[in-house]
Structures are given as structure tokens and as C-alpha cells.
Amino acid sequence: GVGRASVRPISPAVGDPAGPGGPPGRGTGPTGRGPNGRLSPAALARAKRRRRMNWIIAGFAVLIMVAGGSVVGVTYYSTTVTLPADLQDRLELSSSLLFADGREIAKVGTLNRTYTNINQIPKYVRNAVVSAEDRKFYEHGGVDYLGIMRAAWNNLTGGSKQGASTITQQYARNALDLEGVTYARKAREAVLASKLSDEYSHDKIMEFYLNTIYFGRGAYSVEAAAQAYFGKTVTKLTVEEAAVLAAVIKQPVPDKTTGHKGFDPALNLPAAQERWAYVLNGMVETGELTPAARQKMVYPKWQSWNDKSCGLECGLNKPAGNVVNYVTREMAEMGLCKEGECFAELRTGGYRIKTSIDPKMQKAAEDIAWRRGKDSELRGQPGNLMAALVAVHPETGRVLAYFGGEKSTGHDYAGRNFENGKLVGGHPPGSSFKVYTLAAALQNDISLQSRWDARVIKEGPYKVENAGRTATCADHCTLRESTIKSYNVPFFHITREIGVEKVLDTAKAAGVTMMWDDKEQPTDLTKVDSKDVARNPFDYQVGFGQYGITVLDHANGLATFANRGRYNKAHFVVEVQQKDRVTGEWVKRAGEQLKPEQRIPQAVVDDVSDTLKEIPDANGDDLDGRREAAGKTGTWQLGKTKSNAHAWMVGYTPQVATAVWVGNVGAQKAIKTRGGKNIGGSDLPADIWTSFMDRVHDGLDTIDLPDAANVGDDDTGNGREPDPGPSGRACFLGVLCPDRGDNGGQDGNGGQDGNGGQ
């Protein structure tokens, strides 16, 4: 494997499970002696021939060593071999994405490597490595010529095959990509090792080595190895654990040529224990460990592992791994990398990025919104159904939980996707979008008590109705009632009166950045003047949610309302640190980009919240029976059919704003329950939203939403004053009125040519 130390066939050994054995033939075979104990003439002749051959071999070996030394010496002074000036910068370092509490979401990189300064590596860890790989490391100058001679002699005289690469040579071979087993490569390796020894101290070379060598389990540094084998940082290793890692270096993975299984205890425990003992005994011999301490040591417990274990980048194949796509986008915005190159930078740059994702809230989202979740509301429902959920912290804009799909490389149902050369991802929000139309109306002096005609209209290309329901308030519906009962027609009238651009401006101010038209073409609202896209491509139907937006944007918009009109951009990155390859320290590169801004008047938002908090109660979606929450359902139908294609529930408390969408996996089709019932906003989306919000608010303080400020003019609107009811009082919210309507979670239906949303 890349970074592996020299590997030699394993022979039976005395004291060293991978070293030379005892003299061959000792104690076996015929003695060659007569009855008087003297050697027979034939035995004497054989012994004489052996001595002669040994002298010839020894002379030949010395000649080779002298010649080899000369070659190395000549090479050293005559070649143009130079050391790269960027040895540390050449190393590819993996990066970690972290939950808000510091636990790891995923590790990203080409190699699992974390750089550690020599001063951060305990001395006993270094000593264990020296004992295992190069006991003369602190004595020679990068090349151990005596070791080479011993290895050559042993190899020529029939002992176990041995290499003679020092720690410095091993580092040179791996760091500088020297390949092959030729004499030229060995000579170049020796030259570079000598130059390294001249240029750097032994400790610095040890630092280079321990951040380069392969330890198995996908770990290319001692820190990564400590995590892979023992689940702890290198500074927390015990002497026994350090010896395990040192023992592994010699052969971290099985060798198909020799059949040796290597020294990973999970793959070859007996050999690993024998090699471990050799390392510790060597530490005793060098005085780094007392015999008494050695006697008390037992082989430590290690983490189980196999080649199918979740390793580098596997966290990206989980729902929380979706955050990587937003992290790289934010890194580009911070100037840490060029757009389009940030993922590559993340894989090699050695970053540690703390995200806003709360692990408990993320787990709740996955448990409830993911079909595989243990408390999933989709369990047992038709396979075409998909849910997405995003929760945002109102006061900061931090994304607390994000479920948009099963992995970072799949389709993200909660955000944007670039597929087949096209930006996709928005879902028609239906009546859940009315929160922005309501706020736009209030900002334009239209009060909650203003009255509107909710009867079906047919004007030119427009046919607008209320999901097949008759508005009981007919032509005198208040704006508050129209919102709670989710009638479409009044919102059509309001949008036409104030202008499409006012609705778009309010949605944009709250946090909606992208919108898709009827032809699924995206428009970046942050880069256009709303007047330029009003009526074309976005017509009056924008008032009741015909045009697609993302779940993330909708959650951001609701968070602005939860924060009483004060906007914070939804974001994932809280802090970016990068490993300094010289000091080994983490250096802060960027922090949270908070730029709060009061974008919608507080009094306007208070009126919105006071209205929306009646909806969860009316639909049976109140939180734990005592906590006030504002909410709005939304549904959009499938083409001109009577079935639905998209259903939403969005809402907030002062602590958490959450948007939930339920729709299709892949191509659009009718969304129905297992029993064949059409799914609306008050069905699965509301179930998911309520279950999630109940769980994440457990233990939080109860904070009420503000009361209405009652802004605007009551005399606006195209409706009329209602007739007195049976008691002489006017109808209000359907109370005391004949044939009283019931929201029942339905949100109205309408739109051009009858196509629209609820």
C-alpha cells in the first residue's frame, strides 16, 4: 500500500517475529562425529569447504558494500537530485465537517490524513516507532550502512530476507513517490535520505514520517491511525496502544504475494501480538521502558474494523452529509476557495469546519421525515412519497436540521440541484406562500379586518376558486378569516391590487432567493428587480403559491417571521479552521457571517403571527397542548387532475422555524396515502411538522408569540360589510353563520385554467 514500510517474508524468529531466526540446522540432522567425538574425514572436508565458501561470500558482500557505498557517494555529489522546498505543503490533508457540538458528520479527503506537529506526539509514541522500524534512527545520518551490510550478509548466507531502509529512507520513498525495487531507486532513496538528514533534525524527519506513513485502515498519519484503531487522538494513546500502531507499520495490510495477513489485530491477532511484544522488548533494550513496566503490559483493546467499515467520505452517504454542498458554497462566499473548486480544496486542505447542525435535531428530522427513520411518518406509505424538512434558528439563521435526501450525491429535495445542465429544486408551495402575501398586504395599509370577495371568479384567462369549497363568508371575508380558512380568491384580488412585485419583494426580504416559473425555469430573486419579473413570468397566482421555491428558502422566510421581521441569512458554517502544516495547530480562517437586518416591520409580522397561530390549533397540530406556534399548510394539485402533487406544512415558534414538504421521488404523480386518500398539507406534512417540533422543543422554555398590532386600514378591500346574524350581530370567522365552513386543513384551490393549489 502507499506509504507502507519495507515488507519482508516472515520467518520463525527468536525475539523478533519479523526478524532473523536462529542459525539454520542447529540441533537437527546428523552430527557427523564418530564414536570418539571426533569429526570424520568426510565431515572435516565438508566443514573446510563451507569455511572457504563463507569467506568467498563474505568477501563478495564486502566488495558489494564498498562498491555500493561508492555509488551512493558519487551519486550524492554528482547528481542533480534536490529536495523539494514544499515537503509539508505536498501532503494532502483530509477535512472534517462537524456537528455544532464538535462531533464528526463526515471526513472528506483523498487520503485520511491529519497533520500533527512533533511536539504534539508523545515521546513514547515516537520511541515505539523507532523500536519497530529503525533502532539506530537517532544515531545515523539517514542511511544505516552497517544495517545494509548486515542485511546483505544475512540474505547471502541464507538467513531470512531483510531490507535495510531506515525511517528516513521510508519517508523519502513515500513522500517523494519513489517506486520500484531497482538499484537506481534504492540509490536515489539513499541520496535523498542523506540530504534530508543534512537539512532537517531527527525530530522533524520523525514528524514528516508519522504524518506520511500508512498504518492501514485507510489512515495515512499517526493521528488518523489513533482514531481508526482506538477512537482517540494521538495525545491520549497509552504506551501499549502506541506499540500496536508501531507494530502495524511493517505490514499494515495482507500481502497477496507472501500470503502474510499483516499486523492489524483485527485481521491477524497472533502475529500482531507477537510483533507488539517485539516493539515493547525493543523499548526495554533501548532503555525507553523499564522491565518492570513491560511485565505489567497487556495487549490493549482495539476498535473492530474490516475493509467494508465506514471510512473516509462515508459520512457523505448519510442524510447529514448534504451539508457539504452548502459548506463548499459558503467557503467560496468567504473567499477561501474559488467557486467550483471548493470541494477539491476541502479534500486536500486540512480543514475543520464546525457547522450549525444540531445533532439531536438532525436525528429527530431523520427519525421522522426519512422513510427509514425509526419514527417515520412515511413508514408503510406508498414508495413514490418523499419528504424534506429544514429547521432554522430564528435569532441567528443557523440551519439546525436538514433532511433533503439520503446522501450528498443524490437529489436534494430541500434545496437546489444542478442536473442535466439545469437548475432545479423548487416545489410549488401552495397556500403556505400566503404568509408573504399577507405580510405584503399589511405593509400596504391593508388590515386584517379588511373585507374581500371570496367568490369564484372567471376573468379572461383567470379562473380562481377555493379548492372546490364555497366560502361561507362569500363577498365579505376578512383578511384574517381568508388566511385561516385559506381561501385563494381574496389573495388573488390582493395581489392584483398591490402588484405582484410587492409580494415578490416581501418574500425576498424574508429569505426566498429563488423561484421557478410554470416552465420550471429558475429566477434568482436576489439578482433581479421584482418589477422586471412581475406578470411575466410570475403572474397574480404568486399570491397563493403557484411558483416553486425550495424548502430551505421557505424555512429561512419563516425564521424571519419568527424573529419579528429581523432577517438572518440561513447558513451552515459557524467556524472554519485549517491545520497549520508547520506548527500543527488549528488556525481560524473564517467565522460565522452574521448580518442581521430588520427587513419587515415588526408590527406587520406581529399581525401575521397572531393570525397564523390559530391554524395549528384548528388543525389539531398544536404543540404539546400548551406552546403557541404559528403555522400554515399548503397544497398544490397535479396538473388539471383532482389529485395533489405537493403538500406543505410550515411554521414557527420564537425558538425554531421549520418547513416540511411532501411530494414525489422522481417524476410527479399523485400523492396519496396507502388507503388512497389525497395528501394535503394537514395530513402527512402536518404530522411530520408536529412530531418534529414537539421533540425539538422538549426541554425548551415556553415563549408566547406576540399579539396582533392591528396595522392597516379596515376600510380597504373589495368586499362589503356582512349582514347581521340571527342574533343581530355580524358573522365573524363563520361563528353564528349558517352552513359554517371548516378549515379542516384544506387551503383553497384555484389558478389559471383551474390549475392551482390549496
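The values are calculated or read from the model by the stated rules, or taken from the named source; none is laboratory data. Here the structure is a predicted model, which means the values were calculated and not measured. No Cβ is skipped: glycine too gets one built from the backbone with ideal geometry, and neighbour counts run over all protein chains shown. Accessible surface is based on the protein model in full, side chains and every heavy atom, while ligands, DNA and RNA are left aside. Shrake-Rupley method; radii C 1.70, N 1.55, O 1.52, S 1.80 Å.
When Ala471, Ala562 are screened for being at pLDDT below 95 and in contact with a strand residue (DSSP E or B) (Cβ under 7 Å, 6 or more places away or on another chain), only Ala471 passes. In the condition set (1) surrounded by 20 or more Cβ atoms within 10 Å (Cβ to Cβ); (2) among the acidic types (Asp, Glu); (3) out of contact with any Gly (no Cβ under 8 Å at 6 or more places or on another chain), Asp375 is compliant with all but (1). The residues of region 126-140 that are of a type in the set (Asp, Glu) and surrounded by 15 or more Cβ atoms within 10 Å (Cβ to Cβ), listed by number, are Glu133, Asp134. Out of everything in region 591-607 that is open to solvent by 80 Å² or more (accessible area, probe 1.4 Å), in a loop (DSSP other than H, G, I, E, B) and of a type outside the set (S, T, N, Q), what residue ends up being farthest from Asn444 (Cα to Cα)? Here the answer is Leu594.
Of all residues assigned to region 525-537, none qualifies as being surrounded by 23 or more Cβ atoms within 10 Å (Cβ to Cβ), at pLDDT 95 or above and over 30 Å from Glu721 (Cβ atoms). With respect to Trp452, is the statement that it is more than 18 Å from Thr635 (Cα to Cα) and not polar (S, T, N, Q) true? Judged against the criteria, Trp452 is a match. For the residues Thr328, Thr348, Thr286, the requirement of being of a type in the set (Val, Ile, Thr) and free of Cβ contacts under 8 Å to residues at least 24 places away in the same chain singles out Thr328. State all residues of region 102-134 that are charged (D, E, K, R) and part of a helix (DSSP H, G or I); if no residue qualifies, say none. Correct list: Lys123, Arg126, Glu133. In region 277-286 there is no residue that is open to solvent by 10 Å² or more (accessible area, probe 1.4 Å) and closer than 24 Å to Leu93 by Cα. The condition (being under 22 Å from Lys407 (Cβ atoms), among the small types (Gly, Ala, Ser) and touching a Gly at 6+ places or on another chain (Cβ under 8 Å)) is satisfied by just one residue among Gly321, Gly340: Gly321. On the basis of being open to solvent by 10 Å² or more (accessible area, probe 1.4 Å) and either aromatic (Phe, Trp, Tyr) or in contact with a His (Cβ under 9 Å, 6 or more places away or on another chain) (or both), does Tyr214 make the cut? So Tyr214 fits the description; yes. Here Gln381 does not fit the description of being open to solvent by 50 Å² or more (accessible area, probe 1.4 Å) and polar (S, T, N, Q).
Residues that are among the small types (Gly, Ala, Ser), at pLDDT below 95 and closer than 25 Å to Ser356 by Cα were ranked within region 406-424; the one that is surrounded by the most Cβ atoms within 10 Å (Cβ to Cβ) is Ser408. Remark: Gly282 falls outside the filter, which requires a residue to be at pLDDT below 95 and outside any loop (DSSP other than H, G, I, E, B). Here Leu289 meets the list (1) open to solvent by less than 30 Å² (accessible area, probe 1.4 Å); (2) in a helix (DSSP H, G or I) almost entirely, failing just condition (2).
Set side by side, the residues Lys632, Lys672 differ, and just one is open to solvent by 40 Å² or more (accessible area, probe 1.4 Å) and under 37 Å from the mean Cα position of the chain (by Cα), which is Lys672. Within region 163-181, residues that are part of a loop (DSSP other than H, G, I, E, B) have Cβ atoms under 6 Å from residues that are at pLDDT 65 or above in these pairs: Thr166/Asp134; Thr166/Asp144; Leu178/Glu189, counting only partners at least 6 apart in sequence or on another chain.
If you go through region 636-658 and pick out every residue that is within 16 Å of Thr437 (Cβ to Cβ) and open to solvent by less than 10 Å² (accessible area, probe 1.4 Å), you end up with 2. If you go through region 306-341 and keep only what is open to solvent by 90 Å² or more (accessible area, probe 1.4 Å) and in a helix (DSSP H, G or I), you end up with Asn317, Arg329, Glu333. Spot the failing condition for Lys232; the list is (1) of a type outside the set (Val, Ile, Thr); (2) open to solvent by 40 Å² or more (accessible area, probe 1.4 Å); (3) assigned to a loop (DSSP other than H, G, I, E, B); (4) more than 15 Å from Ile121 (Cβ to Cβ), and only one is missed. Against the list (1) of a type outside the set (Val, Ile, Thr); (2) open to solvent by 40 Å² or more (accessible area, probe 1.4 Å); (3) assigned to a loop (DSSP other than H, G, I, E, B); (4) more than 15 Å from Ile121 (Cβ to Cβ), Lys232 comes up short only on (4). Do we have any residue at all in region 576-584 that's among the small types (Gly, Ala, Ser), surrounded by fewer than 21 Cβ atoms within 10 Å (Cβ to Cβ), more than 27 Å from Pro429 (Cα to Cα) and touching a residue at least 24 places away in the same chain (Cβ under 8 Å)? Scanning region 576-584, I find at least one residue that is among the small types (Gly, Ala, Ser), surrounded by fewer than 21 Cβ atoms within 10 Å (Cβ to Cβ), more than 27 Å from Pro429 (Cα to Cα) and touching a residue at least 24 places away in the same chain (Cβ under 8 Å), so the answer is yes.
Inspection of region 250-259 finds no residue satisfying the criterion of being of a type in the set (Val, Ile, Thr) and closer than 29 Å to Asp580 by Cα.
For region 64-101, a residue qualifies if it is at pLDDT 90 or above and part of a loop (DSSP other than H, G, I, E, B), and the qualifying residues are Ser94, Phe99, Ala100, Asp101. For region 713-735, a residue qualifies if it is modelled with pLDDT of 75 or more and more than 15 Å from Ala474 (Cβ to Cβ), and the qualifying residues are Asp713, Asp714, Asp715, Thr716. Close Cβ contacts (under 7 Å, 6 or more residues apart or on different chains) running from residues in region 90-118 that are acidic (Asp, Glu) to residues that are part of a strand (DSSP E or B) comprise Glu104/Ser96; Glu104/Leu98.
Exactly one residue out of Gln303, Gln273, Gln227 is touching a Phe, Trp or Tyr at 6+ places or on another chain (Cβ under 8 Å), in a helix (DSSP H, G or I) and open to solvent by 20 Å² or more (accessible area, probe 1.4 Å), and it is Gln273.
On inspection, Gly543 passes the criterion of being among the small types (Gly, Ala, Ser) and either over 18 Å from Gly681 (Cβ atoms) or in a helix (DSSP H, G or I) (or both).
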